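Here's the structure, in structure tokens; my notes come after.
The values are calculated or read from the model by the stated rules, or taken from the named source; none is laboratory data. Note that the structure is a prediction, hence the values are computed from the model and not measured. A quick note on method: Cβ atoms are made from the backbone with ideal geometry, for glycine too, and the neighbour counts reach across all protein chains shown. Heads up: the accessible areas ignore ligands, DNA and RNA and are worked out on the full protein's heavy atoms, side chains in. Shrake-Rupley method; radii C 1.70, N 1.55, O 1.52, S 1.80 Å.
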Amino acid sequence: MSHFAPVGRVPGDPILGLIEAHRQDPNPAKIDLGVGVYKDSQGLTPIPRAVKLAEQRLVEVQRTKTYIGGHGDAAFGRLLGELVLGAGSPLLAGQRAGVTQTPGGTGALRLAAEFIARCLPDRGIWVSDPTWPIHETLFAASGLAVHHYPYVGADNRLDLEAMLAALEQVPEGDVVLLHACCHNPTGFDLGRHDWQRVLEIVKARRLLPLLDFAYQGFGDGLEQDAWAVRLFAESLPDVLITSSCSKNFGLYCERTGALVVCAATPDTLVDVRSQLAFIARNLWSTPPDHGAAVVATILGDAELKAVWLDELEAMRRRVAELRAGLVEALAPHGLAERFAHIAQQRGMFSYTGLSADQVARLRSESSVYMVSSGRANVAGLDASRLGDLAQAIARVC
Ligand code: LMR
């Protein structure tokens, strides 16, 4: 008998599976709003010019492909720490924050999960309902007990009071996962006053925040999006932050991210980092180099950084325009009010409020692909197809 016969089958990935389904659809009018990637007006996920320029430089100057250390490239670590925590961060100056380079933001989440499981046993982790589906499976895979706090009400709007009331009940010491900006999948972000209220609960209940920061620069701007991260880092003894360079540097396939740890003292930070290096060694040994080398080249050079900042801002603005454009395109169908939230949400995604049935009909009747939760990747829209999309939505509403 085959060893593998009893293995069984698990369902395909709820997000990545859409890439293949869309690719195989022969309908030339198909629309892909599935996986969270930015697309330009040609429907391409572009390589930013700053990345191309940095890659050209790297080809010339790189002399070795030897391993980089367990925490990754030192220049990347220094520059990413400044990007996330701010160039003048008191934590960086006080050696209370450290960066561990990881294979993408997902790698950072897995490293954090393994660290919690190994070093802080018996802590549950609380994620928003809904959240990125991989949060659920990734934390469970590390053996953590995953719990939920409400985030969206029956009216498909942020329900802050329900969220705060649930956080008040979280057992002391547990970990709470918060989306630092551009909440995935809903696009509903907390305001500054809301963040202050969350912080008070986190302090009072001595919770450990894990801030997922995958979309820096796609919400209100690079610095503005870091506001909550910096507030938490500077107000609490310990914070975990997962950062991704997939979207803001367009480095999706290069798997470039980091786990940023803020600890109460420099000495504790050294302890934590020793654990992270050990865990990383047993997960992926050392991180891939190329994407981080590109990021370090860009952030370390004023000219390249200026090119990148312009490109990032252009992407951010385009997504905001697409949001407004979709609501406008829905207006002739009498749906502008019902979908007004699309223009108010932040980041790449919109939690449209469409049901799983409506999403299935959009796919079968109009070849429109989105996640069954009703999440649409607005950043994947083509401005010239807004009318077609609005019509397809109107047909299922
Ligand atoms: C998404 O949510 O679509 C992105 O974060 C890509 C992914 O890995 O799922």
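Screening PRO209 against (1) away from the ligand (no atom under 15 Å from the Cβ); (2) in a loop (DSSP other than H, G, I, E, B) leaves a single unmet condition, (2). Only one entry in LEU240, LEU231, LEU259, LEU276 is open to solvent by less than 10 Å² (accessible area, probe 1.4 Å) and part of a helix (DSSP H, G or I), namely LEU276. Checked against the criterion of being at pLDDT below 95 and either away from the ligand (no atom under 14 Å from the Cβ) or in contact with an Asp or Glu (Cβ under 7 Å, 6 or more places away or on another chain) (or both), the stretch 156-174 has at least one qualifying residue. Pairs are defined by a Cβ separation below 6 Å, a sequence spacing of at least 6 or placement on different chains, a first member in the stretch 19-36 that is touching a residue at least 24 places away in the same chain (Cβ under 8 Å), and a second member that is aliphatic (A, V, I, L, M) and away from the ligand (no atom under 13 Å from the Cβ); the pairs so defined are ILE31/VAL368; ILE31/LEU389.
Cβ-Cβ below 8 Å, separation at least six or inter-chain, first residue in the stretch 103-117 and within 12 Å of the ligand (Cβ to nearest atom), second open to solvent by 10 Å² or more (accessible area, probe 1.4 Å) and of a type in the set (A, V, I, L, M): which pairs? Short answer, once both residue conditions are applied: GLY105/ALA214; THR106/ILE134; THR106/LEU138; GLY107/LEU283; LEU109/ILE134; LEU109/LEU138. Within the stretch 118-147, the set of residues being open to solvent by 30 Å² or more (accessible area, probe 1.4 Å), without any contact (Cβ under 8 Å) to a residue 40 or more places away in the chain and away from the ligand (no atom under 12 Å from the Cβ) comprises PRO121, ASP122, ASP129, GLU136, ALA140, ALA141, GLY143, ALA145, VAL146, HIS147.
Residues that are part of a loop (DSSP other than H, G, I, E, B) and either open to solvent by 30 Å² or more (accessible area, probe 1.4 Å) or among the hydroxyl-bearing types (Ser, Thr, Tyr) (or both): does the stretch 296-315 have at least one? Don't jump to the end; show me each part of the working.
Keep residues of the stretch 296-315 that are part of a loop (DSSP other than H, G, I, E, B), which gives 300-301.
With the extra rule that they be either open to solvent by 30 Å² or more (accessible area, probe 1.4 Å) or among the hydroxyl-bearing types (Ser, Thr, Tyr) (or both), the set shrinks to 300-301.
Checked against the condition, which is being part of a loop (DSSP other than H, G, I, E, B) and either open to solvent by 30 Å² or more (accessible area, probe 1.4 Å) or among the hydroxyl-bearing types (Ser, Thr, Tyr) (or both), the stretch 296-315 yields at least one hit.
For the stretch 180-206, residues that are assigned to a loop (DSSP other than H, G, I, E, B) and farther than 18 Å from PRO130 by Cα total 3. Could you tell me whether any residue of the stretch 53-70 is touching a residue at least 24 places away in the same chain (Cβ under 8 Å), more than 26 Å from SER373 (Cβ to Cβ), open to solvent by less than 10 Å² (accessible area, probe 1.4 Å) and away from the ligand (no atom under 16 Å from the Cβ)? Yes, some residue in the stretch 53-70 is touching a residue at least 24 places away in the same chain (Cβ under 8 Å), more than 26 Å from SER373 (Cβ to Cβ), open to solvent by less than 10 Å² (accessible area, probe 1.4 Å) and away from the ligand (no atom under 16 Å from the Cβ). Among the candidates PRO266, PRO288, single out the residue that is at pLDDT 95 or above, surrounded by fewer than 20 Cβ atoms within 10 Å (Cβ to Cβ), closer than 27 Å to LEU16 by Cβ and touching a Lys or Arg at 6+ places or on another chain (Cβ under 8 Å). Going through PRO266, PRO288 in turn, just one is at pLDDT 95 or above, surrounded by fewer than 20 Cβ atoms within 10 Å (Cβ to Cβ), closer than 27 Å to LEU16 by Cβ and touching a Lys or Arg at 6+ places or on another chain (Cβ under 8 Å): PRO288.
When the stretch 369-397 is filtered for residues that are of a type in the set (Val, Ile, Thr) and more than 16 Å from the ligand (Cβ to nearest atom), the ones remaining, listed by number, are ILE393, VAL396. Taking the stretch 336-350 as the region of interest, how many residues are out of contact with any Phe, Trp or Tyr (no Cβ under 7 Å at 6 or more places or on another chain) and either open to solvent by 20 Å² or more (accessible area, probe 1.4 Å) or within 16 Å of the ligand (Cβ to nearest atom) (or both)? Qualifying residue count, the stretch 336-350: 9. The sole residue among VAL198, VAL202 that is under 21 Å from LEU231 (Cα atoms), β-branched (Val, Ile, Thr) and over 21 Å from the mean Cα position of the chain (by Cα) is VAL202. Among the residues making up the stretch 1-52, those that are within 16 Å of the ligand (Cβ to nearest atom) and assigned to a helix (DSSP H, G or I) are LEU16, GLY17, LEU18, ILE19, GLU20, ALA21, HIS22, ARG23.
In the stretch 112-142, of all residues being assigned to a loop (DSSP other than H, G, I, E, B) and under 22 Å from the mean Cα position of the chain (by Cα), the one that is nearest to SER243 (Cα to Cα) corresponds to TRP132.
Scanning the stretch 93-101 for any residue that is in contact (Cβ under 8 Å) with a residue 40 or more places away in the chain, part of a helix (DSSP H, G or I) and in contact with a helix residue (DSSP H, G or I) (Cβ under 8 Å, 6 or more places away or on another chain) turns up nothing.
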